[in-house]
Amino acid sequence: MRLPRGLVVSCQARADNPLHGPQFMGAMALAARDGGAVGIRANGPADIAAVKAAGLPVIGIHKVFSEQYPVYITPDFAAAEAIVAAGAEVVALDCTERPRDGEPPAVLIRRIREELGAEVFADISTLREGLAAADWGAHYVATTLSGYTEATEPKPEEPDLRLLEALARKLAVPVVAEGRYNSPELVRQGFEAGAHAVVVGTMITNPREITRAFVKQGVPA
Ligand SMILES: CC(=O)N[C@H](C=O)[C@@H](O)[C@H](O)[C@H](O)COP(=O)(O)O
């Protein structure tokens, strides 16, 4: 198992974010490492190559958006291949039941394991999807997409601790908590509910959203 138990920091910034770019994400990864993170999640070959400098295991994703299909997290084998070439030891991909172009998750999981020699991290939104992904050979199952699929909308403020707990009870593979773990207390609850690792993004690496939260909750109207 390449991903140790502990906190994983997701270092991602889209094109509209002032911190977009490998230079910033590389620095975020170093800061996360110095703060005690055991792994980094990053998007796209350029950012993945940059975050490798922190020397931690990298969960790589490759977001590819399509007009026709809702699946965008590492939607096909070519996307997985590109991020492994950039240095990701673990490939995360959408393993929801949503419609998609090309090969289904069962085939992608097998090919990533066999042809790329990487570990597979299944981003799911429901218990059924999580059980299926583990059956197909995923090394980790994560709650990343709970709240972001038709089956699980509307998105709550809180993380989906119930799904995490149910997965941890049923699965032999490590279960990872991801999505809206916005405070140390919620991270603690994630581990208590059975998580092997907890992934935190926005509240550590997105100063724009952190500022928004301070303004929304702390500044008088
Ligand atoms: C749904 C989706 O596309 N989630 C993405 C997956 O990589 C990221 O945008 C999230 O920031 C990440 O999952 C961490 O979650 P949070 O930022 O809530 O700590």
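Results, tabulated for the structure shown:
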quantity	calculated
Test result for Val176, within 13 Å of the ligand (Cβ to nearest atom), in contact with a helix residue (DSSP H, G or I) (Cβ under 7 Å, 6 or more places away or on another chain) and aliphatic (A, V, I, L, M)	no
Count of the range 163-200 residues which are part of a loop (DSSP other than H, G, I, E, B) and over 20 Å from Asp135 (Cα atoms)	6
When residues of the range 56-68 are limited to those that are free of Cβ contacts under 8 Å to residues at least 24 places away in the same chain and touching a helix residue (DSSP H, G or I) at 6+ places or on another chain (Cβ under 8 Å), the one surrounded by the most Cβ atoms within 10 Å (Cβ to Cβ)	His62
For Val71: the one exception among (1) touching a Ser or Thr at 6+ places or on another chain (Cβ under 8 Å); (2) in contact (Cβ under 8 Å) with a residue 60 or more places away in the chain; (3) over 21 Å from Asn206 (Cβ atoms); (4) aliphatic (A, V, I, L, M)	(2)
Subset tally (residues that are closer than 24 Å to Phe191 by Cβ and either part of a loop (DSSP other than H, G, I, E, B) or among the charged types (D, E, K, R) (or both)) for the range 129-153	9
Residue within the range 148-169 that is among the hydrophobic types (A, V, I, L, M, F, W, C), on the phi < 0 side of the Ramachandran plot, surrounded by 14 or more Cβ atoms within 10 Å (Cβ to Cβ) and within 11 Å of the ligand (Cβ to nearest atom) present	no
Checklist (1) over 30 Å from Thr211 (Cβ atoms); (2) within 16 Å of the ligand (Cβ to nearest atom) applied to Ile59, failing item	(1)
The range 82-101, subset in a helix (DSSP H, G or I) and surrounded by fewer than 19 Cβ atoms within 10 Å (Cβ to Cβ), residue farthest from the ligand (Cβ to nearest atom)	Ala85
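Quick note: the coordinates plus some simple rules give every number you see, no bench work behind them. Because the structure is a prediction, the values reported are computed rather than measured. Neighbour counts run over all protein chains shown; Cβ positions are idealised from the backbone, glycine included.
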